[in-house]
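Take a look at the structure below.
Every read-out reported here was derived from the displayed coordinates using simple, explicitly stated rules and does not represent laboratory data. Just so we're clear, the structure is a prediction, and the values are computed from it rather than from any experiment. Cβ atoms come from the backbone with ideal geometry, glycine included; neighbour counts cover every protein chain shown.
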Amino acid sequence: MRVLLLNPPFLPRYSRSHRVPAVAKSGNLFYPHWLALAAAVLKQRGHTIDLFDCPAEGVELKLLLTLAVRFDPALIVIDSSTPSWYADCETAQALRETLRHSRICMTGHHATFFWRQTFERASAVDYVALGEYEETVADLADALDQGGDLNTIPGLATRAHLREGRPPLRPLNQDLDRLPMVSPIYKEYLEPELYSFNLSAHPFVQIMAGRGCPSNCFFCAYPQISQGGSYRHRTAENIVKEMEWIQKEWKEIRQINFEDDNFGADTAFARRLGEVVRVHKVDLPIFANISASLDPGSLESLRAAGLHNCSVGFDTIRYSLLEKMGKIQTDRSIHDFMAATRRLGILVHSCFLVGFPGESRGSMREAFKWACRIRPDSAQFYPVMPYPGTGAWSFYTEKGYLATASFRDWLTRAGAPRCVLNLPGLTPREIDDFCDHAFVRFHLRPRYLIQKLWQAVQSPREGLRSLRAARLFARYLRSKREQRPEYLPVQRLGRSETWLIMPVIPEGRMQRIESTSGANPPDAGHSDRKR
């Protein structure tokens, strides 16, 4: 069967697979990892595939339709995201009008949670692949090819389920080694020069070692919506096999980025990975998202595996809130972690979120001071984004703290992310302005600039990387000044005593599934709110 996998047109350089889908302020553009992995599974099963990344390649709808007709697929798989959902549904309609014989399947976190609304909004969509979908779409292609029963495919919602009940769940894959490598798909169908990540050397490649996270951060989309609360990972040998392939077969790649939620959460795995990398003499540097709770021994093993720089979600200084989410960190543990990374020469990019329950101007100021005090290599400040399917979505919608009913309003006209929370005492504009100002203030401190100059002297490559990152963000700030301000119109909410009370952390889609021991949870895709 001929299958077209599509990262559809929306805005130039719109990064659907980023954790905050948008035209990134930093200029970052991620590989369409999930689509590429689904392509690899389809190809492994003998299907003929093509993969289009329209935002990366600058392909607009008219050209896409021409290319799609030329390929003539029997099945089209469309990735989707929250801000682009309306446009993605329109793209599905245009494809149906042009290729009436093709079946259309939509995927992505937003469609996973709002599968009913996706069918209702886009009559062209025949199926929705839920959660981790690479084997679901391959099973769909097999069934269409061979005449199988589509309504019983695990993880696949069909229009029949609108009438007959919820789709069957697909158990989480516990043997990730059985999946094919994604890197050969990237090399065959995508151009690495088009993708950028300002925390790594360029060009880079983006893969995953594992899925899921033992923390229960109620704002984090991947584990909350699709991957669950345990860290399932490939074996070290399987990962290093792909790293070796990249090093030998793709000479232009200068760094490997692991996009796991919590790389190295299994400390035995972290230590084993360091050993296997040394044996196989892979010397490409790596980037990963890691936790500040990693012990020095595991950090040393990851450093031996090539860990050069990392992103760490410090999130908030309110440790009691993090503890409720199962994310344990203290001043002491963070001090020890940062000391260990400096000793090992691992650069730390720190992530801080604004808009948690109880947030105030005072807590935002304290977060900025805290970021300066722990002295990471770089920092970002972002509003909490309550994606549908997360516990954050449940909390902020139930409390009436969403500033807009339109998902397109989650972006500016240019595609930059913006705050959609209107909180007691804090408007979306105040939160967005704080995030931008905090970023600039953090990176323009004299002490920080001296630190970066010294770093550039010691490592010219790092100096060039930092300069590229600074140039991209300066471009964003310049474009923001040149455009008319785009703030969501809201009515200011007065301060509330209940806002300051520590809430019960709500569950996301996967937590509800796991708490029912694999039984179908309440219909997470149904919402009485019209959007």
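The magnitude of the dipole of the chain, with charges of +1 and -1 set on the Cβ of Lys/Arg and Asp/Glu and taken from the Cα centre, is near 1800 debye. In plain terms, the chain from ASP433 to ALA160 could stretch by 93.7 nm, reckoned as 0.36 nm per residue minus the Cα-Cα distance.
Look at HIS280, HIS47 and count the other Cβ atoms within 10 Å of each Cβ; fewest to most, that gives HIS280, HIS47. Would you mind classifying segment 197-481 by shape? Square roots of the alpha carbon gyration tensor eigenvalues, ordered a ≥ b ≥ c; an a/c under 1.5 is rounded, otherwise it is prolate if a/b is larger than b/c and oblate if not. Prolate, because a/c is 1.5 or more and a/b exceeds b/c. Of the residues ALA122, TYR195, THR516, the one whose Cα sits farthest toward the positive end of the charge dipole of the chain, with +1 on the Cβ of Lys and Arg and -1 on the Cβ of Asp and Glu, is TYR195. Annotation for TYR86 and HIS101: the two label points, set 7 Å from Cα along the Cα-Cβ direction, are 3.5 nm apart.
For segment 197-481, with only Lys/Arg (+1) and Asp/Glu (-1) charged at the beta-carbon, what is the dipole magnitude about the Cα centre, in debye rounded to 20? Charge dipole, segment 197-481, about its Cα centre: 980 debye, nearest 20. Spatial offset of segment 115-164 relative to segment 436-478 amounts to 47 Å, using the alpha carbon center of each. Each label was represented as a point 7 Å from its Cα along the Cα-to-Cβ direction; for LEU65 and ARG254 these points are 4.1 nm apart.
Counting every other Cβ atom within 10 Å of each residue's Cβ, PHE52, PHE442 order from fewest to most as PHE442, PHE52.
Near SER311, the amide H atoms lying under 5 Å from its own belong to ALA288, ASN289, ILE290, HIS349; only residues 5 or more places off or on other chains count, and H is placed 1.01 Å from N. Among TRP454, TRP410, TRP250, sorting on how many other beta-carbon atoms sit within 10 Å of each Cβ, with the fewest leading, yields TRP454, TRP250, TRP410.
Length available on full extension from TRP245 to GLU366: 0.36 nm per residue minus the Cα-Cα distance, which gives 39.0 nm. Estimated from helices alone, the mean residue ellipticity of the chain at 222 nm is -12000 deg cm²/dmol (sum of -39500 (n - 2.57) over DSSP H runs with n ≥ 4, per residue).
With the Cα gyration tensor of segment 25-67 giving a ≥ b ≥ c as the square roots of its eigenvalues, does the rule (a/c under 1.5 for rounded; else a/b larger than b/c for prolate; else oblate) give rounded, prolate or oblate? Taking the square roots of the gyration eigenvalues as a ≥ b ≥ c, segment 25-67 is oblate. For the listed residue pairs LYS251/LYS281; LYS327/LYS399; LYS43/LYS187; LYS241/LYS281; LYS25/LYS324; LYS187/LYS248, the alpha carbons are over 20 angstrom apart in LYS327/LYS399; LYS25/LYS324.
Within segment 353-370, which residues have the backbone N less than 20 Å from the label spot 7 Å out from LEU444 along Cα→beta-carbon, could you tell me? Under cut-off, by backbone N: 365-370. A dipole drawn for the chain from +1 and -1 charges on Cβ atoms has a positive end, and of PHE381, HIS110, LEU176 the residue lying farthest that way is PHE381. Simple spin-label estimate for GLN44 and THR267 gives 3.2 nm between the two label positions (7 Å along the Cα-to-Cβ direction from each Cα). Looking at segment 400-497, the trypsin sites (Lys or Arg not before Pro) that sit in a DSSP loop and have at most 14 other Cβ atoms within 10 Å of their own Cβ are ARG413, ARG492, ARG495. Report which label in (1) 42, 36, 21; (2) 34, 29, 23; (3) 44, 31, 19 holds the value of semi-axes √(5λ) of the Cα gyration tensor in Å derived from the coordinates of this structure. It is the value labelled (2).
Mean projected area of the Cα convex hull of segment 148-217, taken over all directions, amounts to 8.7 nm². Separation of segment 182-208 from segment 270-306 is 20 Å, based on Cα centroids. Each distinct pair of alpha carbons in segment 2-164 adds a 1/r term; the inverse of their mean, the Kirkwood radius, is 15.6 Å. Overall, segment 2-164 carries a charge dipole of about 360 debye about its Cα centre when +1 sits on the Cβ of Lys and Arg and -1 on the Cβ of Asp and Glu, all other atoms neutral. Between GLU191 and HIS335, take the C-beta separation as r, use R0 = 45 Å, and let me know the FRET efficiency to the nearest 0.05. Using R0 = 45 Å, I get an efficiency of 0.60.
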